[in-house]
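Trainee: Submitted below is the structure of interest, expressed as structure tokens.
The values are calculated or read from the model by the stated rules, or taken from the named source; none is laboratory data. Please read these numbers as outputs of a predicted model, since none were measured by experiment. Note that each Cβ is placed from the backbone with ideal geometry, even for glycine, and that neighbours are counted across all protein chains shown.
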Amino acid sequence: MIRKMRIMDVEQVAAIEKEIFADPWSEQSFQHSMKVPQNLYLVVEENDKILAYCGLWGVAEEGQICNVAVKEEERGRGLATMMLSELLKQGSEMEIKAFTLEVRVSNASAIHVYKKLGFETAGVRKNYYTKPNEDALIMWYYL
Ligand SMILES: CC(C)(COP(=O)(O)OP(=O)(O)OC[C@H]1O[C@@H](n2cnc3c(N)ncnc32)[C@H](O)[C@@H]1OP(=O)(O)O)[C@@H](O)C(=O)NCCC(=O)NCCS
């Protein structure tokens, strides 16, 4: 089931975040960010367990997609594609007209998913990431 992230999900979300990212967001960062009215956070839940999550920050008519993650053992089942499609749908209902995100240039599976959803590469941010240092692709999707 895909649904909005709730405060009680944050402990599981932050635990997944810690497993995956070198610079993980804290529980407090998620709690703060999900309360901002212009933001939207979704989770995929199965049998009371969070398997995946993603976030959207709305600024005027643009949406910045952030914190996209699927638990390692649940990858390759289409969860990211499904969850992000729902995020784009709900984002469009919030009057967002264009979505953007950054992704590591080496992150082939994420780039594949974003392209499949309609995102196109608009440029490169040099040395955007640390741990390890890497460039970011900037991608956009216009409704
Ligand atoms: C990127 C990520 C969110 C994808 O989640 P997922 O649930 O496995 O994604 P899906 O199952 O919906 O789709 C994966 C697609 O990538 C493809 N893929 C897998 N490995 C690939 C590779 N090395 N190169 C190209 N495509 C690849 C799969 O074939 C699949 O495409 P298809 O449906 O057209 O066959 C997940 O791997 C993840 O959480 N990674 C770590 C965190 C991360 O990188 N987040 C994104 C930060 S911008």
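Trainee: Contact list please: Cβ distance under 8 Å, first residue in the stretch 72-99 and within 22 Å of I20 (Cα to Cα) and among the acidic types (D, E), second residue part of a helix (DSSP H, G or I) and near the ligand (Cβ under 8 Å from one of its atoms), pairs at least six apart or on different chains.
Mentor: Partner pairs satisfying both residue conditions: E72/I20.
Trainee: Could you check, for the stretch 71-87, whether at least one of its residues is modelled with pLDDT under 95, within 15 Å of the chain's Cα centre (by Cα) and on the phi > 0 side of the Ramachandran plot?
Mentor: no
Trainee: I'd like to verify a number: residues in the stretch 1-44 that are over 14 Å from the mean Cα position of the chain (by Cα) and either within 25 Å of P132 (Cβ to Cβ) or within 16 Å of the ligand (Cβ to nearest atom) (or both), how many?
Mentor: 9
Trainee: Let me ask something else about it. Just to be sure before I move on: is E95 at pLDDT below 95 and either closer than 24 Å to G123 by Cβ or acidic (D, E) (or both) in the structure I sent? It would help to see each step written out before you state the result.
Mentor: Details: at pLDDT below 95: yes; either closer than 24 Å to G123 by Cβ or acidic (D, E) (or both): yes.
Here the answer is yes, as E95 does meet what is asked.
Trainee: What strands (runs of 3 or more DSSP E) lie completely within the stretch 50-134 and have 3 or more residues being surrounded by 20 or more Cβ atoms within 10 Å (Cβ to Cβ)?
Mentor: Once the strands (runs of 3 or more DSSP E) in the stretch 50-134 are filtered for at least 3 residues that are surrounded by 20 or more Cβ atoms within 10 Å (Cβ to Cβ), what remains is 62-70, 98-104.
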